Each structure stands twice: as structure tokens, then as C-alpha cells.
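Data block below; observations after.
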Amino acid sequence: MSREAFIYIPWLLKIAFYISSLLSLLIFLAGLYSRFSIWLKGRDEPDDLLEGKGLGGLLLLSFRYFFSKECLLARRVMSKSRIRGIMLIFIYWGFTILFIGTILVGLDHYLRLNILKGYIYLIFSFILDLAGLAVFTGTAFFIVRRIRLSEDIISGWDDLPLLVLLIIIVLSGFSVEGLRLSLTDPPFMDWSPVGALFAALFSGVNSPKTYIVFWCIHVMTALSFIAFIPFSKQFHMFAAQITTKDALLRSQRLGGFVHD
Amino acid sequence: MTERKFSFSHGLSKRQLVELDACTRCSECLKWCPVQEVTGRRQISPPEKIRLYREFIENTEGLKARITGGKVDRRLLEDFVRAVYECTTCGACGEACEVGIFTQRLWPVLRRKMVEMGLGPIGPQANLTEFVKKTGNVYNKPPEERFSWFPEHIKVHERAEIGYYAGCTGCYEAQPMVRGDVLALHATGYAFTMLPPEEEVCCGFPLFITGQWDMLEDLVRRLVSAYETRGVKLLISSCPCCVNIMARDWPSLYGRPLPFKIRHISQFIAEAIKEKRLIIKDHLKERLIYHDPCYLSRGVGVIEEPRYVLKSIPDIELIEFERHGLYSQCCGAGGAARKVFHENAIKMGRLIIDEAVEKGADRLILSCPACYSKMHEAMEGYEKQIRITDIMELIGSLI
């Protein structure tokens, strides 16, 4: 019980995948550097979280607070609205798990670690399936919210398209998984409940060609999304955890009228 | 089109630049924005202001500017100026913000940038610096009239550990309020000092909030030195805006820690009541509703103390607005917007009056001179009427 990477993918597409990945990563890093460079232009404020921080310090801070309790539990959003908090947690946890899962698959494949096998692989598959479902639920919620409240909320040109892009990534991912399961018909399908559902949906059209089409859609949308992050509102994933932490510290200071 | 030379990011703190990137446009703040409530114009909403300003930075600095040439549409800038000055800077949006953007601080900084560009301040706000230079106050009133309301029987000491700063708005627009302050202070038995009228100049807040920061350091140095000379260890004021800038900004404008502590008068009087230095003997069988000033509650976190003071009055019943404490609703006087967008301010004030009347309050209690002045104005010619009293005016009348 394990998973073969790049199943059905011809070598030419593999090369295209590696080139596109590199391009996407380079655009992402250039954008990230550009955005962080603007932060660095800011002046330091005494006793501020960001005081004296350079590029590395800001990145580290952003990373550190990404995994803070505030962020992990979406406490601030949760305190304003339980439902939005839960949906945010779905997206945040779901994406984090999918990101870690993808890295693990990569490491397992390229370093030939061979750890994703047997029950470990089954549990891994199950968790990733749930993570995908969580991202889907959260994203669908925010799409519906943005459409339903379109008269009452502010939307930039990228708000809705980005959410739609996210949901395409998730759905194409499930489609790829479903087609793979449908084509290989492994005995452990129950461990990928959403994948199994998609396998059933594709049971009439489960050819390797269809698989390749969905794989291409998944890869292209995912890589586009990564490249787009620093140039869109999605960049808040590097900023919001810092402002949320700052707000928490500020409210703690207020209680005691700190100015003595 | 505005050329790239002007830096939109310069002068903002790192935190503020991060805040601009943190906004997700969830738009939850719109429900709490008083300007939205009375105008309904989405162009002047907090997420739109942030989106526009972020666009100005992206268009003139960073990767996108290199690719596109770095220009900003002048018309968009003008829209932004109106939006940032129509705001009352009450900070309700920041409290509701799901990513915790400190908007009560961000808006004045963005106004400052508009002043740098020569696009702000707007309307009568532009006269404030000149007025302060000429008369020491933003109302352009003679300094010798500043303390005309002062109760003659009360002695002000030449030197004392407690200093009282009355503030321009209290002195010229809300005299019953500052009179009440002095009566309450006197009743505690503590000796206190004040500066002579020509020395008690503007605290700097109206200039700060409208983005006109050139005079600030000078004003702060003059005031801090004057109080230090008089031996002040604790400076008290009843104006939330004055307290806010004194507590938050005076130390950095002064260049070192202040030689005294800052307190809002409700904090000081609450302590005096706890220590039984001040006992309110007179009964008041009334239903009071207390309105939290934005710069006192969201600004410096003083929420419980005014309520403690009010609850110390025998027989009163204290009721709350739907939006109170950190979520209190702006009365319309904030951010010097009342000087330009008068109609908005009146509508906001009337929303407060409406709720107070609907809840059956006998009296609306305030603790801010700007609220005091604006709410009285909002009630002129209005069908709904309620008695408006400042918290210290009330205490002063009961001791």
C-alpha cells in the first residue's frame, strides 16, 4: 500500500511541470521580496513587535505567528463570529496540512525515503482527504458570503476570482485522486472517502487521458495561485498574523492604562 | 498623474505597512463605521481606504512600479483625501477588524501623508495651525477668556503634585464640564495646580488628528516643561483626546519619558471615591445612560472607571447603549470631521440621542468635551430631547 508519483504522466509533461514549478516559485519569491521590502521602508516604533526587524526577522516573525495560538484557533475571528472563525480554521488547517503533505510526498519520492507506505500511507491519505474537504467547505462558504453580500461588502478585482481559483484547485485535486483510484482500483479506497466519491463520479470516463487533463488543470491552477500570492490580497497570509498578535498585545496593555 | 518621486510608504511605521497588507476586505468593519451608517457611501469605507492606499504604494514603489512606470491617478488621490478626512477616526472599524488593524492610529498617519502632498487638511481644518500659533487654541479665542468659567471660590496652587489641564474644547465649548472637573477635584481635598491661561496651550491633538504635525514637538515641550516646573507628578484632564495624545504620543514628541503620569479625571475621581476622599451624599433618582467617548474607551481603555463613578451616586439606575465600551458608537465629533462634514456629525449625534430616548433614559451622560458640544448641537431643533450632562458636571452638582 503506497502511491506511485507521476503515474500516467509522460516525461514531456514532467519536464513542463518542473519548469513551471520553478517559474512559479521564482515569481512568488520576487513578489515576496518586493512586498517585504516595502515593509522594511517603515520606521521603527518603540516597543513594537517589528522594532529593528530586517528581512529575515520579518519573515521569521510572520512564520512564528502563523503557528501561534491566536492563528491556530483563529481566536480574533472566532470572537466576532463563530461560523466565520470555523470556516477560516478549515481553510487555514486544511491548507497547512495539504502543504505539509505535498512536501512529504515530494521528499518521499525524491529522497526515496519510502516512508509513505502501509498504514502510515493510509492514515496520511485519510488526513489529506479531510484537509481537502475542509478547504473546500471553507472556500465555498466564503464564495457564497462574498456573492450573497456583494452589495454590502467591499471587493477588489481579485477577491472572488482568487476564491474561485482556490476551489478549482481543490476540486481538480479531488478529481485527480478520484481518477487515480478509479483507474488503479486499490483495496484501500475507504481511506480516501472523498477520493472514492470522485472515483465513483468518474467511473464511466476513467481513462489515463482524462487523468492527465485534470492533473494539468490541478498543477496549472495550483502553481498560478502560488505565483499570485504576493501580488494579491492572499498576501494577508504573511501579514494578518502579525497584526492580530499586535492587537492582542495592545488590548492587554490598554487594561492597565500603561503609560506610567 | 502623480510621479513616483513621492513615497507613500515613507513616514509610516513597519506595523502600519503590514496592516495595509493584512486587510482581507471581509468588510465586517462596515457594520460599525458611523460614517457608513449615515452616508452609506462604500467609497469612504475602511477597506476601500486601505485598498486605495495600498494601490498608491504598489503603483509607485516595488516590483509593480518598476514594470508599470509608477504613477498614481490624481482623481483617485482626491477621492482618497475626501474619504480619509470624512472619517471621524473613532476607531470602531479597528475594534471590529478581524485582523486587528489599529485604524484609530492609521487614519491620522494617512492624513499626515496627504498634508505632505499638499492635499490636506481640508476646509476650516487648514486654519488650525495658524490659530494655535496666534492664540494657543484651535478656536482662535482670546487666551484671557480661557478660564472665564472657573469657580472663584476654588484655590489653584502655584505648585502641586497634581496638575489639571482643562483643554481648549472644554474651556471654550463645554464650560459646565470643566467647571464640574474643578469642583470634583476640589472636593477630593487634594491641592492641584494649573497653568496660567496663556501657558495652557493646545495639547496638539487637533493638529495631530488632521495631519498637521509641524508644531507638535514645540507645543509638547512647552507644556511638559511648564508642568514640570510646577512640580506636577500627575497630570489630569477630562478631555479624552488630550489624554490620548498625552499618554500615547507626548513621550515620543518630548523625546523622553514624561516627568509625570497621565490620568483621565474619571480614573482619578473613581480612586478618590474608593479611598473615601470623595463621598457623594446627594441622591439622584434617575435613569442614566452613559456614552463612551471613542478616544477614552478604544483610545486608552478607560471603560469601567466612569461607570464606577456613576454607580457611586445613590439611587441612580445606569443603563447601557447597545454599542458600548470598546464598541461604542461615535457621536460625530471625532477626527475634526465635524468641522467639515457637519451634516454627518449631526446625524451621528442624533442616532445616539434616539437610542437614549428610546431606552427611556432621563439623562445622557458624557465624558468628553467634543461629544458634549456636538450632542448639544445635534439636539438643537430636534424632535427628540434628552437632558445632556457631563459626568463631572453631575458629580460637581451632587457634592
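Before moving on, here are some points about what is shown:
- Modelled this way, with points 7 Å down the Cα-to-C-beta line, the labels at residue B:68 and residue B:261 are 5.1 nm from one another.
- Value at 222 nm in deg cm²/dmol, rounded to 500, when DSSP H runs of n ≥ 4 in the protein assembly as shown each add -39,500 (n - 2.57): -18000 deg cm²/dmol
- For the listed residue pairs B:113/B:233; A:41/B:134; A:69/B:31; B:155/B:261, the alpha carbons are over 25 angstrom apart in B:113/B:233; A:41/B:134; A:69/B:31.
- Counting 0.36 nm for each residue step from residue A:201 to residue A:151 and taking away their Cα separation leaves a gain of 14.4 nm.
- Qualifying lysines (Cα of each under 17 Å from Cα of residue B:141; at least 8 residues distant if same chain): B:133, B:339
- For the residues B:358, B:98, B:199, a GNM of chain B with alpha-carbon springs under 10 Å puts the largest fluctuation on B:358.
- Student exercise, the protein assembly as shown dipole from Lys, Arg, Asp, Glu Cβ charges, in Debye to nearest 20: 1320
- Model label points for residue B:318 and residue A:37, set 7 angstrom from Cα along the Cα-to-Cβ axis, are 5.5 nm apart.
- For the stretch A:59-247, a simple Cβ point-charge model (Lys and Arg +1, Asp and Glu -1, everything else neutral) yields a dipole of about 480 debye relative to the Cα centre.
- The calculated FRET efficiency for the pair residue A:79 and residue A:48, based on their C-beta separation and a Förster distance of 25 Å, comes to about 0.60.
- Within a Gaussian network of chain B (alpha carbon springs, distance under 10 Å), most fluctuating of B:18, B:220, B:109: B:18
- Cα gyration tensor shape for the stretch B:280-398, rounded if a/c is under 1.5, else prolate or oblate: prolate
- At full extension, residue B:311 and residue B:276 could sit 11.2 nm farther apart than now, given 0.36 nm per residue minus the alpha carbon distance.
- For the stretch A:27-79: rounded, prolate or oblate by the Cα gyration tensor [a/c cutoff 1.5]: oblate
- Pairing chains B and A buries close to 4000 square angstrom of accessible surface in total, based on protein heavy atoms and a 1.4 angstrom probe.
- Taken residue by residue and averaged, Cβ atoms of other chains lying within 10 Å of the Cβ of B:296-303 number 3.
- Candidates B:93, B:29, B:371: whichever shows maximal mean-square fluctuation once chain B is modelled as a Gaussian network with Cα springs under 10 Å: B:29
- Average accessible surface for the protein assembly as shown: 43 Å² per residue, computed with a 1.4 Å probe over protein heavy atoms with every protein chain in place.
- Calculated FRET efficiency, residue B:254 to residue A:96, Cβ-Cβ distance, R0 = 51 Å: about 0.65 to the nearest 0.05.
- The residue B:144 and residue B:228 beta-carbon pair, evaluated with R₀ = 35 Å, returns a calculated FRET efficiency of approximately 0.90.
- 10 Å Cβ neighbours from other chains, averaged over peptide A:243-251: 6
- Across the accessible surface of the stretch B:149-194, with the other protein chains kept in place and a 1.4 Å probe, carbon and sulfur atoms take up 46 percent.
- Placing pseudo-labels 7 Å out from each Cα toward the beta carbon at residue B:152 and residue B:399 gives an inter-label distance of 2.3 nm.
- Inter-chain neighbour count for A:40-52: the average number of beta-carbon atoms from partner chains within 10 Å of each residue's beta-carbon is 5.
The values are calculated or read from the model by the stated rules, or taken from the named source; none is laboratory data. Not measured: the values here are computed from a predicted model. Here the Cβ is made from the backbone with ideal geometry for all residues, glycine too, and neighbour counts use every protein chain on show. The area values use the complete protein model at the heavy-atom level, side chains included, leaving out ligands, DNA and RNA. Shrake-Rupley method; radii C 1.70, N 1.55, O 1.52, S 1.80 Å.
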